[in-house]
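Chemist: Take a look at this one; I'll ask things after.
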Amino acid sequence: MLLYEEVAARINDMIAKGTYRPGERIPSIRALSRQMRVSVNTVMESYARLENLGMIEARPQSGYYVCSRLAEPAARRSAAPKGEDIVPNSVIFGDIALEVMRNIANPSLVPLGGGTPNSELSPVDKLNRMLASESRRFSLQSIAYPPPHGHKRLRTQITRRSLDSGCSLAPDDIIITSGCVEAMNPALQAICRPGDTVAIGSPVYPTFLKSIQWMGLKVLEIPSNGEGMNLEVLDYAIRHNRVSACITIANFNNPLGSLMPDDKKRELVSLLAKQEIPLIEDDVYGDLAYGTSRPPLDQGL
Ligand SMILES: Cc1ncc(COP(=O)(O)O)c(C=O)c1O
C-alpha cells in the first residue's frame, strides 16, 4: 500500500469507528502531516482520495470535515446522465487498477490490461529485414542522437500520411515521442497548470488518469457510449466549469471500441472552440479501420 493510501485508510478507519463523526472537522493538512510524520503532499493526496470517496469535504477557509451524509464513491458511480451531476474530481487510482498495470509484463498472465497486439500477427521477419537494411543504409544516423523533435524524414512521412486522417500537416508540426502516453504528457503540460481541470470521456484508458493525477490536475468525467462522449453533457459541463483541455479517443476507443460519427466529431470541435478549450486527440487505433480508408481525426474534418 502506498503511503498516502495508508494515511487515507487510517482516517477512514477513524471515521468508521466514530472518532470523527459526520459534520466534524478533521485535522488540518499541516497538523496531520506533523502528527503522522509524513509530508504535506502525502496528506493532500490522502485527503483528495477521501474526498473522492465521499468521506470528507473541504470547506473554503475552514478546513476538512467528515461529510454529513456519506456519499456513494465517485469512482463507483455509474455514468451520470446529466451535466449537473458532473463535477471536477481528483483522480483516485484503485488498487485493482494498479495491480493490473503492474502485471502487464507478467509472462504467466494474459495481459488484458494493456492494448498490446499479439506480436505473432505482425510481419516480424519482414520488419526485421527492413530495419537491418535501413541501418546499413544510414549506419551513422542509426546509432546517433536524433534531433529532439525527431528525424526529419520520419516527420515528413508522417505528415504525408496525415492526409488520410483529413489533416494537412507540415514536418515542423510533428514531434516524435516514444509512444502515445509520452505524447499526452507534454501536451497536457503545455496547456494545464496544477489544479486545472481536464474533460475526458469516461471510461478511459487508465494510464491517462495516472498522468492527470501525477500532474495534480482534476478530471471531469464525461459519460460515453458506442458513439463516444455524450456531447449534451459535455456542453453543459464545459459551460459550468473552467476546463483547460479535453481528451478524446474518438476512433476505436479503448476500452469502449466506439467510433464517433463524423457529425458528432464536428459538433465536439465546435463546442470546444466556443469555450476556447484545446482538444487533445489520442488516435493510436485510427489506422486499424477495416476497409480502404480510415476515419478522420476530429481536427481533420
Ligand atoms: C487508447 C490508448 N491510448 C494509448 C495507449 C498507449 O500507447 P503507447 O504505448 O504508445 O504509449 C493505449 C495502449 O493500450 C491505448 O489503448
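Each value in this text was obtained by applying a stated rule to the coordinates, not by laboratory testing. Computed from a predicted structure; not experimentally measured. Ideal geometry is used to build each Cβ from the backbone, glycine not excepted, and the neighbour counts take in all protein chains shown.
Chemist: Measuring from label point to label point, each 7 Å out along Cα→Cβ, what is the residue 110 to residue 67 span in nm?
Modeler: 3.6 nm
Chemist: Suppose every K and R has +1 on its Cβ and every D and E has -1 on its Cβ; what is the size of the dipole of the chain about the Cα centre, in Debye to the nearest 20?
Modeler: In total the dipole reaches around 780 debye.
Chemist: In percent, how large is the relative contact order of the range 3-71, given Cα pairs closer than 8 Å and 6 or more residues apart?
Modeler: RCO, the range 3-71: 39 percent.
Chemist: Oh, and also: Please get the size of the charge dipole for the range 3-71, origin at its Cα centre, with Cβ charges of +1 on Lys and Arg and -1 on Asp and Glu, quoted in debye to the nearest 20.
Modeler: Taking the Cα centre of the range 3-71 as origin, the dipole is about 260 debye.
Chemist: Further question: Run lengths n ≥ 4 of DSSP H only: what is the helix-derived mean residue ellipticity at 222 nm for the chain, with -39500 (n - 2.57) per run over all residues, to the nearest 500?
Modeler: Calculated mean residue ellipticity at 222 nm is -11000 deg cm²/dmol.
Chemist: Also: Tally Lys and Arg at +1 and Asp and Glu at -1 over the other residues with C-beta under 11 Å from the C-beta of residue 19: what net charge comes out?
Modeler: +1
Chemist: Arrange the following residues from fewest to most other Cβ atoms within 10 Å of their Cβ: 265, 17.
Modeler: With the fewest neighbours first, 265, 17 line up as 17, 265.
Chemist: Let me ask something else. How much length, in nm to one decimal, is gained on full extension between residue 102 and residue 158, taken as 0.36 nm per residue of separation minus their Cα-Cα distance?
Modeler: 16.9 nm
Chemist: Go ahead and run the numbers for FRET between residue 262 and residue 131, Cβ-Cβ distance against an R0 of 41 Å, rounding to 0.05. Provide the component values of the computation, followed by the final result.
Modeler: On the way: r = 36 Å, r/R0 = 0.89.
Taking R0 as 41 Å, the efficiency between residue 262 and residue 131 is 0.65.
Chemist: Looking only at the chain, where both bridge partners belong to it, what percent of the DSSP beta bridges are antiparallel (to the nearest 5)?
Modeler: 45 percent
Chemist: In whole percent, what relative contact order does the chain give with Cα contacts below 8 Å and a gap of six or more residues?
Modeler: Values: 390 pairs, mean separation 45.6, N = 301.
So the answer I get is 15 percent.
Chemist: Which one of 106, 254, 230 has the biggest mean-square fluctuation once the chain is modelled by GNM with Cα springs under 10 Å?
Modeler: Maximum fluctuation in the GNM of the chain, among the listed residues, is at 106.
Chemist: Set the Förster distance to 30 Å, then compute FRET efficiency between residue 173 and residue 284 from the Cβ-Cβ distance, nearest 0.05.
Modeler: Efficiency computed from Cβ-Cβ geometry: 0.95.
Chemist: Along each of the three principal axes of the Cα atoms of the chain, give the extent in whole Å, ordering the values from largest to smallest.
Modeler: Projected onto the principal axes, the Cα atoms of the chain cover 70, 41, 35 Å.
Chemist: Next up: Taking loop as defined by DSSP and a crowding limit of 15 other beta carbons within 10 Å, which chymotrypsin sites (Phe, Trp or Tyr not before Pro) in the range 209-301 fit?
Modeler: Hits after loop and neighbour filter: 290.
Chemist: Just going by the charge dipole of the chain, with Lys and Arg at +1 and Asp and Glu at -1 on Cβ, which of 209, 146, 250 is farthest out on the positive end?
Modeler: 146
Chemist: Then there is this: In whole Å, what is the distance between the alpha-carbon centres of the range 3-66 and the range 188-215?
Modeler: About 23 Å separates the Cα centre of the range 3-66 from the one of the range 188-215.
Chemist: How many nm is it between the label spots at residue 292 and residue 242, if each spot is 7 Å from the Cα in line with the beta carbon?
Modeler: 5.1 nm
Chemist: Here is a follow-up. Ranking request for peptides 87-94, 142-149, 29-36: highest mean number of other beta-carbon atoms within 10 Å first, then the rest in descending order.
Modeler: Going from most to least packed, we get 87-94, 29-36, 142-149.
Chemist: Run the quick spin-label model on residue 119 and residue 41: label points 7 Å from Cα toward the beta carbon, then report their separation in nm to one decimal.
Modeler: Computed distance between label sites residue 119 and residue 41 equals 3.6 nm.
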